Amino acid sequence: MGSGGWHIEKRSKFGASESFKDGGDSEIICEGGSLSIVVLGASGDLAKKKIFPALLHLYRQGFLPPSEVHIFGYARSKITDEELRERIRGPFIQAKDAMPGDFETVSKFLQLIKYVSGFYDTEKGFRLLDEEISKVECGSSRRLFYLALPPSVYPSVCKMIKHCCMSKSDNGGWTRIVVEKPFGKDTDSAEKLSAQIGELFEESQVYRIDHYLGKELVQNLLVLRFANRFFVPLWNRDNIDNIQIVFREDFGTEGRGGYFDEYGIIRDIIQNHLLQVLCLVAMEKPISLKPEHIRDEKVKVLQSVLSIKDEEVVLGQYEGYTSDPTVPDDSNTPTFATVILRIHSERWEGVPFIIKAGKALNSRKAEIRVQFKDIPGDIFKCKKLGRNEFVIRLQPPEAMYMKFMVKQPGLEMATVQSELDLSYRQRYQGITIPEAYERLILDTIRGDQQHFVRRDELKAAWEIFTPLLHKIDGGQLSPIPYKQGSRGPAAADELLVNAGYVQTHGYIWIPPTL
C-alpha cells in the first residue's frame, strides 16, 4: 500500500467484495459491503412491537453483524436517537424470551440505531436520510427500506426513496422495499397501488409482506405435503371430504375500531392470511424450491377458484361492536365471516374449502383442518365417532395431530378416537421458534422472495373477493349479530354441515405437557 493509505477488510454474510480508493494511494477492500436497514414509521406501534424486536433477535443470533449493519429510524416525530432507543428499550427487556445478559445485548443493539426526522412527501428529510446512510456505508451499498406506514403514503414514500435514497453501488449493491398489508381495498385499488410502485421499482425489489407466510407451521406445509410419501396419494378429492382454514380471536377490535371498520374481517384476515394458507394447502408440487416456481403454483390455485356464491357466505358482527365511538352506529362491517371456496381443478373438484375468521369468539386459535371421507364398508360402526382428520395448529400452541380410530383398552371390542401428535413445545424443547417477522426480514436481506406476495398473485387474490366485498359495502349483504364469547352466528355452523363437515363429538385434543 502507498504511504498514508489505509485498508479495510470485512467478512460478510451478505455477498461478494468490492474495492475502492480512500482518496490516497491505497485500495480499500470491503468484503460484502454494508447493509443499511431503514424503518419508515419508526415511532409507530408496528415498528415498536414487531420490526425492532425482530431485528434484535436477528442481531442476537449473529445475522446482523454490528461491523456491517446500520439501522435507521425515520418518522415525522421530532425526537433524538436516544429518545427513539428509549421508546423501544422497555419491550426488549420485558419480553418473555429475554435471557440473562440481554440488557448488555440490547444496549449494544440499540447503539446501531440512528434516527432521522422528516416528512413522507418532501425531499428534505430523505436527502438528510441519504446523507446519514452514506456516512456509514462501505463497499457495496445494500439498502433495505421497511414501510411500516399506512398504504396511503406508499406512493409518495417510494417516490422519495427512488429520487433521493437509492443505493449508489453498481457492484453487488441493491435497494429493496418491504410494504405491509393492506395492499388496497379491492382489485382496482390494489392494482393502482401496484402500478404506482411498479413505475419506480422492479418487481424483484418489492417485498409485499404477509406475516402468516413466516409462521413455522405455515412454512412446514410444503415439507409435509411433498416430503412424506403417505400424504401424496391421499391429498386429493378421492380421499378428502372438506378442508377448513380457521382463524379465531377471543377479543374484539380493542382500540382499533376505526381502522377495522374501514376494512372488516375479510380484508383484514381472509383475503390475505388465510388465502395464502389455502394456496400452500392446495397447490401442485413446484418443479423446484425456487421462489418463482413456488409462486407460479400459488397463482394457479387462485386463478382456479370459482366465483363465491351468496348462499355459501355467512357474515356476523358481534354485539357491542358499534358501541366503540370510532365505529358508526349503522356499520355494516362484518367481524365474522365463513366463506366456502371451490377450486375448479382435477385434484380438488367438489372439495369445499371452508374459510372462517372471527373476532370476540369463544377461543383463540388458527388452524387447518383436513377432514377425510368416511371409511367405506365400516364394520366397526366408527362413523358416529367422527372422521379421520389431520389438524395443523398454527397458533397457539404450534402442533400437528392426526385424529384416528383405535381400539379402546379393555376386554370389549370398542373403538375410540385418539391422535398421533407432534406438539412443538414437547418435541423441540429448548428450541425457540422464530417470530414470523424475523424470518421474513432475513429473507428480504437474502433476496429470497418465496414467502412474499407477487403482483399477479395479489391481483388474483383480490379478484376472488372483490365482488363479495362490493356487495357488503353496498349493503346487499349484511352481518348477523352474535354474542361475544360464542362460536359466532348459528347459521355458520349450519353452512358447515351443508358443506359436508362432520363435527366430532366427545373428543377434545389436549396439548401434551412437558
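The values are calculated or read from the model by the stated rules, or taken from the named source; none is laboratory data. What you are looking at is a predicted structure, and each value in this text was computed from that prediction instead of being measured. Glycine gets a Cβ as well: all are built from the backbone with ideal geometry, and neighbour counts include every protein chain shown. Remember, those area values only see protein heavy atoms, side chains included, never the ligands or the DNA or RNA. Shrake-Rupley method; radii C 1.70, N 1.55, O 1.52, S 1.80 Å.
For region 301-312, does any single residue satisfy the condition of being open to solvent by less than 20 Å² (accessible area, probe 1.4 Å) and among the small types (Gly, Ala, Ser)?
So far as region 301-312 goes, no, none of its residues is open to solvent by less than 20 Å² (accessible area, probe 1.4 Å) and among the small types (Gly, Ala, Ser).
If I ask for residues that are under 28 Å from the mean Cα position of the chain (by Cα) and in a loop (DSSP other than H, G, I, E, B), which ones from region 126-171 would you list?
Across region 126-171, the qualifying residues are 148, 149, 150, 165, 166, 167.
Among the residues of region 46-80, which ones are charged (D, E, K, R), over 16 Å from residue 115 (Cβ atoms) and part of a helix (DSSP H, G or I)?
The answer is 49, 50, 60.
Suppose we keep only residues that are touching a Gly at 6+ places or on another chain (Cβ under 8 Å) and buried (at least 20 other Cβ atoms within 10 Å of the Cβ) within region 177-193. Which one would you say is farthest from residue 152 (Cα to Cα)?
Only one residue tops the list, namely 190.
Within region 114-131, identify whether any single residue is touching an Asp or Glu at 6+ places or on another chain (Cβ under 7 Å), open to solvent by 10 Å² or more (accessible area, probe 1.4 Å), among the basic types (Lys, Arg) and under 17 Å from residue 74 (Cβ atoms), and answer yes or no.
The first filter runs over region 114-131 and keeps only residues touching an Asp or Glu at 6+ places or on another chain (Cβ under 7 Å), leaving 114-116.
Imposing the further condition that a residue be open to solvent by 10 Å² or more (accessible area, probe 1.4 Å) reduces the set to 114-115.
Okay, now just the ones that are also among the basic types (Lys, Arg), so 114.
Adding the requirement that they be under 17 Å from residue 74 (Cβ atoms) leaves 114.
Within region 114-131, one or more residues are touching an Asp or Glu at 6+ places or on another chain (Cβ under 7 Å), open to solvent by 10 Å² or more (accessible area, probe 1.4 Å), among the basic types (Lys, Arg) and under 17 Å from residue 74 (Cβ atoms).
Provide a single number: the residues in region 464-492 that are open to solvent by less than 50 Å² (accessible area, probe 1.4 Å) and assigned to a helix (DSSP H, G or I).
Residues flagged as open to solvent by less than 50 Å² (accessible area, probe 1.4 Å) and assigned to a helix (DSSP H, G or I) within region 464-492 amount to 8.
For region 300-350, how many residues are part of a helix (DSSP H, G or I), of a type outside the set (Lys, Arg) and out of contact with any helix residue (DSSP H, G or I) (no Cβ under 6 Å at 6 or more places or on another chain)?
Qualifying residue count, region 300-350: 6.
Are any of the residues in region 110-120 in contact with a helix residue (DSSP H, G or I) (Cβ under 9 Å, 6 or more places away or on another chain), at pLDDT below 90 and not in a loop (DSSP other than H, G, I, E, B)?
Just the residues of region 110-120 that are in contact with a helix residue (DSSP H, G or I) (Cβ under 9 Å, 6 or more places away or on another chain), to begin with: 110-120.
The next check asks that each one be at pLDDT below 90; those that pass are none.
No.
Return the residues of region 124-161 that are under 24 Å from residue 49 (Cα atoms) and of a type in the set (D, E, K, R); say none if nothing qualifies.
Across region 124-161, the qualifying residue is only 143.
Which of the residues that make up region 419-457 are basic (Lys, Arg) and over 30 Å from residue 189 (Cβ atoms)?
Within region 419-457, 425, 427, 446 meet the criteria.
Within region 491-509, can one find any residue that is farther than 30 Å from residue 404 by Cβ and at pLDDT 95 or above?
Yes, there is a match, as at least one residue in region 491-509 is farther than 30 Å from residue 404 by Cβ and at pLDDT 95 or above.
Within the bounds of region 422-442, is there any residue that is farther than 30 Å from residue 146 by Cβ, in contact (Cβ under 8 Å) with a residue 60 or more places away in the chain and surrounded by 15 or more Cβ atoms within 10 Å (Cβ to Cβ)?
First, pick out the residues of region 422-442 that are farther than 30 Å from residue 146 by Cβ: 422-423, 425-427, 429-430.
Next, only the ones that are in contact (Cβ under 8 Å) with a residue 60 or more places away in the chain stay: 423, 425-426, 429.
Okay, now just the ones that are also surrounded by 15 or more Cβ atoms within 10 Å (Cβ to Cβ), so 423, 425.
Within region 422-442, one or more residues are farther than 30 Å from residue 146 by Cβ, in contact (Cβ under 8 Å) with a residue 60 or more places away in the chain and surrounded by 15 or more Cβ atoms within 10 Å (Cβ to Cβ).
Just to be sure I understand the filter: pairs with C-beta atoms under 6 Å, separated by 6 or more residues or on different chains, first member in region 114-140 and farther than 14 Å from residue 166 by Cα, second member part of a helix (DSSP H, G or I) and open to solvent by 20 Å² or more (accessible area, probe 1.4 Å). Which pairs pass?
114/81; 115/81; 116/128; 116/132; 120/153; 120/156; 121/156
Are any of the residues in region 233-251 touching a residue at least 60 places away in the same chain (Cβ under 8 Å), under 20 Å from the mean Cα position of the chain (by Cα) and assigned to a helix (DSSP H, G or I)?
Taking every residue of region 233-251 in turn, none turns out to be touching a residue at least 60 places away in the same chain (Cβ under 8 Å), under 20 Å from the mean Cα position of the chain (by Cα) and assigned to a helix (DSSP H, G or I).
For residues in region 163-176 being touching a Ser or Thr at 6+ places or on another chain (Cβ under 8 Å) and not hydroxyl-bearing (Ser, Thr, Tyr), which is least open to solvent (accessible area, probe 1.4 Å)? Walk me through how you get there before you give the answer.
Taking region 163-176 first, the residues touching a Ser or Thr at 6+ places or on another chain (Cβ under 8 Å) are 165-169, 171-176.
Filter once more, keeping what is not hydroxyl-bearing (Ser, Thr, Tyr): 165-166, 168, 171-174, 176.
Details: 165: 0, 166: 41, 168: 127, 171: 78, 172: 41, 173: 26, 174: 40, 176: 35 Å².
The qualifying residue least open to solvent (accessible area, probe 1.4 Å) is 165.
Output the residues belonging to region 141-178 that are hydroxyl-bearing (Ser, Thr, Tyr) and farther than 19 Å from residue 441 by Cβ.
Within region 141-178, 152, 156, 169 qualify.
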